[in-house]
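Some notes on the structure that comes next.
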Amino acid sequence: MIARVVRSGVVEATHDGAAAVVGANGEVISAFGDIDRRFCARSAVKPFQIHTSIRFGGEMAPEHVAVAAASHGGDPVHVAIVAEILTDAGLDESDLRCPAAWPLSPEAARRVADAPGPRRIWHNCSGKHAAMLRACVAQGWPVESYVDPDHPLQRANFDLIAEVTGEDPGPVGVDGCGAPVFQVSTLGLARGFARFASEPRLRSIWTAMHRFPMLVSGVDWADAAITRTLDVVAKRGAEGLLGVAVRNRMGLAVKAWDGAARGAGVGMVAALDQLGLLTPAARRQLETVGRPVVLGGGVPVGHVESMLELDQ
């Protein structure tokens, strides 16, 4: 168990999961739970997918990199940057193959409540898709089939995920955004984030995501709060997944088996604290992620508490 929900002194829910910490040289520093169990990596591996897009499409402005690696909220700034990436490649929203969606951010969704329907550019993965399209244009690869697992860009993504995680990421599935999704374990993802934290070829992506956490995540998400507070880059993935790359030191991954984002956030803050990475000020700043309040009648009646204890 990585976390439990306590209301009025009663445990009313639990979050089971796993956590792994890997050093920059590849050694396993600590672990918790079944770190070898496989799952879909979802958006947690966007930093590596964007590295492939930059490798084949050329350098991008840091703000563009941040949105390309984002699970963004669909705020006006996100939409404008995605549109700019597409325009620079001679493309437009119609070339995106992510599904039409309403903005993930409630505030952004309210802004467009009168729109006739959802749009592809509002999808939280539209930045990743725009960067993929940009690489295809630069290489002269087919644009219409860029999400096909056999497309040259996606084969390159497969190879990179295999390299950084040290695992076979197949068989390839379909992510919520329509792009290929790769299989990893908690240990493999922590290996990948350790590489992300330390390899020079990935440094520009790490720097962009660290400088612009609100572009990467928007507000009210654990990865933005952690990145704002520490010398790290955090990236969440759907179904209770969170990775952290500590600059030049280590990579961490937490997976909540029930898919709860709050469980992953509580577990990750606990792991960072047990590794000695939180000052008292940082611990207070991350309390809303690491020990969220449980409300009853509009007032606090409990907390979501960490049960994670790293084996060090």
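Sorting 152-159, 207-214 by average packing, meaning the other beta carbons within 10 Å per residue, from highest down gives 207-214, 152-159. Its Kirkwood hydrodynamic radius, worked out from the mean inverse distance over all distinct Cα pairs, puts the chain at 19.5 Å. Within the listed set Val299, Val28, Val219, the Gaussian network model of the chain (springs between alpha-carbon atoms below 10 Å) gives the highest mean-square fluctuation for Val299. So if we plug the beta-carbon distance of Val28 and Asp159 into 1/(1 + (r/R0)^6) with R0 = 22 Å, what FRET efficiency do we get, rounded to 0.05? E between Val28 and Asp159, to the nearest 0.05, is 0.40. Are there cysteines in the chain with no other Cys C-beta under 4.7 Å, and if so, which? So far as the 4.7 Å Cβ criterion goes, Cys40, Cys136 stand without a partner in the chain. For region 220-234, backbone nitrogen atoms closer than 17 Å to the point 7 Å from Arg284 Cα along Cα-to-C-beta are found at 229-230.
Distance between the pseudo-spin-label points of Glu63 and Arg38 (7 Å out from Cα toward the beta carbon): 4.2 nm.
With neighbour counts taken as other beta-carbon atoms within 10 Å, the residues Thr288, Thr229 rank, fewest first, as Thr288, Thr229.
Determine the gain in length on full extension of the stretch Val299-Thr87; use 0.36 nm per residue of separation and subtract their C-alpha separation, reporting nm with one decimal. Write out the running numbers ahead of the final one.
Values: separation 212, 0.36 × 212 = 76.32 nm, distance 4.84 nm.
My answer for the length gained is 71.5 nm.
Bear in mind that the values in this text are calculations on the coordinates, not laboratory data. Since this is a predicted model, take the numbers as computed values, not measurements. Note that we place each Cβ from the backbone using ideal geometry, even for glycine, and neighbour counts take in every protein chain shown.
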